[in-house]
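The values are calculated or read from the model by the stated rules, or taken from the named source; none is laboratory data. As the structure is a computational prediction, the values presented were derived from the model and not from experiment. Please note: Cβ atoms are built from the backbone with ideal geometry, for glycine as well, and neighbour counts cover all protein chains shown.
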Amino acid sequence: MGRPATRGAGAAATLLPALLPAVLAPLAAALGLASGRATLLPVLATAAVYPTFARLILRGRPGAAAVAAVLWAASLAASIAVITARDPGRTAGAVLNGPAYRDEMFAFIGSGHGRESEPARFVPQHLLHLAAFAVLTAASGGLLGLLLGAGLVGYMSFYVGALAAGPEPGLAALCGWPPWAVLRVVAFILLGTVLARPLLARLARRPPAPLRVRLWLAGAFGLLLLDVALKALLAQRWAALLRPCLGGIAPGGVHP
């Protein structure tokens, strides 16, 4: 009779820490966007996830750490998009690179042409982000990598929120984040979990917990390759799908 209860308690002990960053992410988004300071949002968002992420890795639970980071990223993205959709003008100054990325994406959606559909232009940008993320993650035990990730999620979600402020909010909410971008976020988290372990273990003066590093890296880089392939094949079709969200606004324009 006691075994099911014991197993249930163990499952709860595993699940609850992984959920905490996702619960804190909306508060971080609300405070960061309300502040009007573009540097505050990624700092608060990182503070919501890093303690849990690092603690789970040090406890030998890298899978739970990765799950916690994925749920955090999803919660943060949804929170930023919802808040932005209510008042895109007010939140514009609180998101690093937000207005510039929004304008670029609106122009792409309106015309079907731009960096999003040109591998010769978007692949170097992806490689730059990947290299910066890897170096920052390894050098900081994951802290600066998550900070960079929070910035990237921030401006992409701001664009989705601005798109949802138009005439087709449902379509924007469902399709504003293309599937390849979601794969990229998951890939970065898998890679970041692997790269954060060595420094965290040294700081804690303990050997890293066992991890099938090659399998994790293969998963991360496999998702990154799929990201590039899907983006190259589908980006223009995705732009056409989202075009009704602009409501006839000229390429390069923004919602009033």
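At a glance:
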quantity: Hey, Leu241 out of contact with any Phe, Trp or Tyr (no Cβ under 7 Å at 6 or more places or on another chain) and either modelled with pLDDT of 95 or more or over 27 Å from Ile80 (Cβ atoms) (or both) or not; calculated: yes
quantity: Verdict on Leu58 being modelled with pLDDT of 95 or more and not aromatic (Phe, Trp, Tyr); calculated: no
quantity: Complete set of residues in the range 44-54 that are within 21 Å of Leu217 (Cα to Cα) and free of Cβ contacts under 8 Å to residues at least 60 places away in the same chain; calculated: none
quantity: Residue check for Leu234: part of a helix (DSSP H, G or I) and buried (at least 17 other Cβ atoms within 10 Å of the Cβ); calculated: no
quantity: Residue that is surrounded by fewer than 24 Cβ atoms within 10 Å (Cβ to Cβ) and either among the acidic types (Asp, Glu) or out of contact with any Asp or Glu (no Cβ under 8 Å at 6 or more places or on another chain) (or both), where the choices are Leu136, Leu163; calculated: Leu136
quantity: Residue tally, condition touching a residue at least 40 places away in the same chain (Cβ under 8 Å) and under 24 Å from Val228 (Cβ atoms), over the range 130-147; calculated: 7
quantity: Which listed residue, of Ala201, Ala165, is among the hydrophobic types (A, V, I, L, M, F, W, C) and within 15 Å of Ile109 (Cβ to Cβ); calculated: Ala165
quantity: Enumeration of residues in the range 105-140 that are part of a helix (DSSP H, G or I), closer than 20 Å to Pro244 by Cα and of a type outside the set (Val, Ile, Thr); calculated: Met105, Phe106, Ala107, Phe108, Gly110, Ser111, Glu116, Ser117
quantity: Condition check for Tyr155: surrounded by 19 or more Cβ atoms within 10 Å (Cβ to Cβ), assigned to a helix (DSSP H, G or I) and touching a Lys or Arg at 6+ places or on another chain (Cβ under 6 Å); calculated: no
quantity: Evaluation of Leu195 against (1) at pLDDT 95 or above; (2) closer than 28 Å to Phe106 by Cα; (3) crowded, with 20+ Cβ neighbours inside 10 Å (one fails), failing number; calculated: (2)
quantity: When residues of the range 150-174 are limited to those that are out of contact with any helix residue (DSSP H, G or I) (no Cβ under 6 Å at 6 or more places or on another chain) and touching a residue at least 60 places away in the same chain (Cβ under 8 Å), the one farthest from Ala132 (Cα to Cα); calculated: Pro167
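Results for (1) assigned to a helix (DSSP H, G or I); (2) on the phi < 0 side of the Ramachandran plot; (3) polar (S, T, N, Q); (4) out of contact with any helix residue (DSSP H, G or I) (no Cβ under 7 Å at 6 or more places or on another chain), shown as yes or no for each residue.
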| position | (1), (2), (3), (4) |
| --- | --- |
| Trp177 | no, yes, no, no |
| Ala181 | yes, yes, no, no |
| Val186 | yes, yes, no, no |
| Ile189 | yes, yes, no, no |
| Gly192 | yes, yes, no, no |
| Arg197 | yes, yes, no, no |
| Leu203 | yes, yes, no, yes |
